[in-house]
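S.K.: Okay, here's the structure, questions in a sec.
What follows is calculated from the coordinates using simple rules that are stated; it is not laboratory data. The model shown is predicted, which means the values in this text are computed figures rather than measured ones. Quick reminder, even Gly has a Cβ in these numbers, built from the backbone with ideal geometry, and neighbours come from all protein chains shown.
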Amino acid sequence: MDKKLLAFILVAVGLLAVVAGAVLFFMSAEDEDQKQSNNSTAKEEKPAMDKNAKTIVIYFSAQNHTKNVATKIATNLNADIFEIEPVEAYTEDDLDWTDSASRVSREHSDASLQNVALKSVSVPNWDEYETVFIGYPIWWGDSAWPVDSFVKQVNFGNKTVVPFCTSHSSGLGTSDTDLKAKATGGNWQPGHRFSQDATDAEIKDWTNSL
């Protein structure tokens, strides 16, 4: 093959490679810009909590850890409070998860037992509240099922819903989004996990950040 022709072909191939690389670069840059734009829009569209909205803290507490946090949140936000109470209260023996025969262990093994009957799901003046905090302990990496029972029976409408949990070592996991999936209505926000020994300062910092 003529050397000049070969050189011409090599130069042409090189130019095509450069052009193709530039096209791919700009397409990737445009995709990334679009992603950032979408993310920015999503963040802007996420409503901030209205500190002046009428607020209530609803919680289930088996061993007082969640109750303590819920009470402090309600105090910090000058909110009302409502306790989710099972018809049959959980005793210390019921809560012994290391005992395969305990109530929580049996309920964990048999999902049909997790539809816990509650004393009431009727929250006084429910329609007046614009923001609802939902608190619960973590059981086996999920929300305690009395809270599930409550959420399934209540219509949250257009209320802003803020989940929070307490646990010894488990994280929040997907308990907040799982509750959202079980609920009717509500503008559900990301949940927050507190240690069962959360301090007043930690709780205050969180409520101040909302």
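S.K.: If you scan segment 136-148, which residues turn out to be buried (at least 20 other Cβ atoms within 10 Å of the Cβ) and either touching a Pro at 6+ places or on another chain (Cβ under 7 Å) or not in a strand (DSSP E or B) (or both)?
M.R.: Once the filter is applied, which keeps residues that are buried (at least 20 other Cβ atoms within 10 Å of the Cβ) and either touching a Pro at 6+ places or on another chain (Cβ under 7 Å) or not in a strand (DSSP E or B) (or both), segment 136-148 yields ALA144, TRP145, PRO146, VAL147, ASP148.
S.K.: Restricting to segment 174-183, what's the tally of residues that are part of a loop (DSSP other than H, G, I, E, B) and under 20 Å from VAL121 (Cβ atoms)?
M.R.: Summing the residues that are part of a loop (DSSP other than H, G, I, E, B) and under 20 Å from VAL121 (Cβ atoms) in segment 174-183 gives 1.
S.K.: Is it true that some residue in segment 134-145 is free of Cβ contacts under 8 Å to residues at least 40 places away in the same chain and among the β-branched types (Val, Ile, Thr)?
M.R.: no
S.K.: Another question, if that's okay. Report whether or not ASP94 is more than 24 Å from the chain's Cα centre (by Cα) and buried (at least 16 other Cβ atoms within 10 Å of the Cβ). Steps first, answer last, please.
M.R.: Working: more than 24 Å from the chain's Cα centre (by Cα): yes; buried (at least 16 other Cβ atoms within 10 Å of the Cβ): yes.
So ASP94 passes the test.
S.K.: Also: Name the one entry in LYS152, LYS180 that is touching a helix residue (DSSP H, G or I) at 6+ places or on another chain (Cβ under 8 Å) and of a type in the set (Lys, Arg).
M.R.: Only one candidate passes the filter, namely LYS152.
S.K.: Also, I was wondering about something else. Scan GLY186, GLY191, GLY157, GLY171 and give me the residue that is surrounded by fewer than 17 Cβ atoms within 10 Å (Cβ to Cβ) and within 26 Å of PRO124 (Cβ to Cβ).
M.R.: The match here is GLY157.
S.K.: Restricting to segment 100-134, and then to whatever is surrounded by 12 or more Cβ atoms within 10 Å (Cβ to Cβ), hydroxyl-bearing (Ser, Thr, Tyr) and not in a loop (DSSP other than H, G, I, E, B), can you tell me which residue is farthest from the chain's Cα centre (by Cα)?
M.R.: The extreme case among them is SER105.
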